[in-house]
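Each remark here refers to the structure printed beneath this line.
The values are calculated or read from the model by the stated rules, or taken from the named source; none is laboratory data. Predicted, not measured: the structure shown is a model, and the values here were computed from it. Positions of Cβ are backbone-derived with ideal geometry, glycine not excepted, and every protein chain shown enters the neighbour counts. Surface areas here come from the heavy atoms of the whole protein model, side chains and all, with no ligands, DNA or RNA. Shrake-Rupley method; radii C 1.70, N 1.55, O 1.52, S 1.80 Å.
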Amino acid sequence: MAREKLKRGLPRGESTEAEHWGGPIRTSDEGAVMGPEQRGRVRRLHHRGNWRQEDPVRAADKPFSIDKKLVYEAYKAVRANAGAAGVDGQTIAQFEADLRGNLYKIWNRMSSGAYLPPPVRAVAIPKKSGGQRLLGVPTVADRVAQMVVKQMIEPDLGAVFLGNSYGYRPGRSALDAVGVTRKRCWEYDWILEFDIKGLFDNIDHTLLLRAVRKHVTCPWAVLYIERWLTAPMSMEDGTQVERTCGTPQGGVVSPVLANLFLHYAFDLWMARTHPELPWCRYADDGLVHCRSEQEAQAIMAELQLRLAECRLEMHPTKTKIVYWAPSTWLPAGLRDAAEPGRRAG
């Protein structure tokens with residue numbers, strides 16, 4: 001009954017059936033949200049006056065083929081994550097007041113290659129260690145657009161990342177990283193614990209885009225990643241700051257890009273230069289298990305040079321060398337019973 005009412009409410013020539021969408025069959029609710037174009041043509045939205053005013057153009061005018069279902073699924077993910085309003089002040093509830101029109105506008109612009117991200121809103125939040133961290137909050141519509149790209153590229157990049165990378169990856173968590181580290185502490189007494197200072201603010205665009213173009217094969221995903229990297233930041237006083245490096249901490253696609261950058265800056269470098277030493281990384285924090293204090297000091301010096309090559313800096317106070325031998329906190333009998341496979345000596 002709901003499906004029949006929906007069809008009667010659509011303009012003549014429109015339908016919720018899958019063949020008019022070029023994708024799998026959807027529910028009537030999804031059809032109502034996105035709204036299909038008439039056969040053989042798409043609808044261009046005018047941004048002057050009433051943007052819902054439309055005129056037909058040939059489908060061939062769309063340079064990128066983006067399934068509307070991708071935009072709808074991205075919206076559902078953004079809604080589930082909630083989040084604050086961006087520079088336009090629009091909340092998720094306000095975005096949903098014209099959900100069909102807003103999602104169509106995102107799809108239309110992205111398919112046309114005409115999508116231009118608005119500035120991100122700068123929001124200062126306090127750090128646990130003191131001071132403030134500056135987040136960049138995109139608009140709701142821009143979060144949806146970024147989620148489209150994130151969900152497009154994440155599976156392919158996930159297959160590229162190494163097993164010791166845990167941050168910002170589906171099915172992996174900080175607890176997983178702690179678990180594998182705990183096991184390795186029975187074998188290695190020394191740990192280099194490092195932190196990268198201001199990772200999201202200092203990622204080099206040239207180096208990042210080199211990695212993006214190597215691994216992201218979707219042309220429109222690469223195009224919009226380039227635009228998001230240079231979108232200005234709108235400060236609390238209304239001024240706009242141009243960005244020549246970094247990716248906003250708070251952006252939907254930023255964690256995936258940061259992971260890709262560190263895949264080359266640290267993960268592959270570590271696997272190539274010190275394959276005998278286990279390591280673990282969660283976002284911009286990581287550790288390397290070492291066999292002696294001297295080895296840990298040598299690794300720290302090498303890593304500092306490596307990060308400098310990649311335009312990054314090791315945090316001077318959060319980076320440290322730690323002695324984690326179980327013999328320092330666990331009685332020998334209990335230690336042997338808990339971990340009989342620990343190496344002798």
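Scanning region 91-112 for residues being open to solvent by 20 Å² or more (accessible area, probe 1.4 Å) and under 22 Å from the mean Cα position of the chain (by Cα) gives a total of 3. In summary, helices (runs of 4 or more DSSP H) completely within region 266-340 and bearing 3 or more residues that are among the hydrophobic types (A, V, I, L, M, F, W, C) and at pLDDT below 95 occur at 332-338. As a summary of the residue check, Gly131 satisfies the conditions (1) surrounded by 15 or more Cβ atoms within 10 Å (Cβ to Cβ); (2) under 30 Å from Asn202 (Cβ atoms) except for the one numbered (1). Examine region 77-88 for a residue that is open to solvent by 40 Å² or more (accessible area, probe 1.4 Å) and farther than 28 Å from Cys218 by Cβ, and state whether such a residue exists. Yes, region 77-88 has at least one match.
Of the helices (runs of 4 or more DSSP H) lying entirely inside region 180-239, those containing at least 2 residues that are charged (D, E, K, R), under 23 Å from Leu307 (Cα atoms) and open to solvent by 20 Å² or more (accessible area, probe 1.4 Å) are 205-215.
In region 179-198, the residues that are polar (S, T, N, Q) form Cβ pairs under 9 Å with partners that are open to solvent by less than 20 Å² (accessible area, probe 1.4 Å), at six or more places apart or across chains, as follows: Thr181/Ile191; Thr181/Cys280; Thr181/His289. Checking each residue in region 159-179 for being touching a Lys or Arg at 6+ places or on another chain (Cβ under 8 Å) and open to solvent by 30 Å² or more (accessible area, probe 1.4 Å) picks out only Asn164.
Among the residues of region 145-155, are any free of Cβ contacts under 8 Å to residues at least 60 places away in the same chain, part of a helix (DSSP H, G or I) and surrounded by fewer than 20 Cβ atoms within 10 Å (Cβ to Cβ)? Yes, region 145-155 contains a residue that is free of Cβ contacts under 8 Å to residues at least 60 places away in the same chain, part of a helix (DSSP H, G or I) and surrounded by fewer than 20 Cβ atoms within 10 Å (Cβ to Cβ). Going by what's in this entry, would Ala177 be described as modelled with pLDDT under 95 and either acidic (Asp, Glu) or not in a strand (DSSP E or B) (or both)? So Ala177 passes the test.
Scanning region 257-280 for residues that are surrounded by fewer than 18 Cβ atoms within 10 Å (Cβ to Cβ) and among the acidic types (Asp, Glu) turns up just one, Glu276. Residue pairs whose Cβ atoms lie under 6 Å apart, separated by 6 or more positions or on different chains, with the first residue in region 244-271 and over 18 Å from Ala84 (Cβ atoms) and the second β-branched (Val, Ile, Thr) and open to solvent by less than 30 Å² (accessible area, probe 1.4 Å), are Gly246/Ile203; Thr247/Ile203; Leu257/Thr247; Phe261/Ile203.
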